[in-house]
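Below: the structure, in structure tokens.
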Amino acid sequence: MSLFVIAEFLAAPGRHDRLRTALEALIEPTLDEPGCLAYAAYVDPNDPARMVVMERWENRRALDEHRATPHLRHARQVFDRVLARPPAVRILVEAP
């Protein structure tokens with residue numbers, strides 16, 4: 001059963017360009033990971049400090065392996081410097 005992840009980000013004042021760059025840098029290496037079915041970043045057109053990443057994974061194991069990748073570890077270091085608050089992450093499965 002595939003998993004869907006919705007991660008919501010809020011950049012600190014003046015840091016939205018750096019957050020967008022960090023999220024965009026995750027797209028290509030994440031899509032190359034085994035088990036990644038979809039990965040895209042979006043910006044709120046009414047508030048460029050608000051961004052969302054939507055992901056789809058084959059299974060929990062693939063998502064867990066993603067969380068240990070060097071590119072995500074690096075992004076977390078950037079997030080520590082540019083986010084106004086920790087990201088809100090939801091993991092969902094398709095309704096039966």
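Please treat every number below as a calculation from the coordinates, not as lab data. On a predicted model such as this, the values are computed, not experimentally measured, just so you know. When we count neighbours, we look across all protein chains shown, and the Cβ atoms used for this are built from the backbone with ideal geometry, even at glycine.
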Tell me yes or no: at least one residue of region 21-29 is in contact with a strand residue (DSSP E or B) (Cβ under 7 Å, 6 or more places away or on another chain) and either among the basic types (Lys, Arg) or under 20 Å from GLU94 (Cα atoms) (or both). no
In region 55-68, residues that are under 25 Å from HIS16 (Cα atoms), surrounded by 15 or more Cβ atoms within 10 Å (Cβ to Cβ) and of a type outside the set (Asp, Glu) total 2
So in region 18-42, with the set limited to residues that are in a strand (DSSP E or B), surrounded by fewer than 17 Cβ atoms within 10 Å (Cβ to Cβ) and free of Cβ contacts under 8 Å to residues at least 24 places away in the same chain, which one is nearest to the chain's Cα centre (by Cα)? ALA40
In region 70-96, what residues are in a helix (DSSP H, G or I), aliphatic (A, V, I, L, M) and over 13 Å from the mean Cα position of the chain (by Cα)? VAL82
The listed residue being touching a residue at least 12 places away in the same chain (Cβ under 8 Å) and either in a helix (DSSP H, G or I) or farther than 24 Å from ARG85 by Cβ (or both), out of LEU10, LEU63: LEU63
Sort out which residues of region 38-78 are among the hydrophobic types (A, V, I, L, M, F, W, C) and closer than 26 Å to MET1 by Cα, and write them in order of number. ALA38, ALA40, ALA41, VAL52, VAL53, MET54, TRP57, ALA62, LEU63, ALA68, LEU72
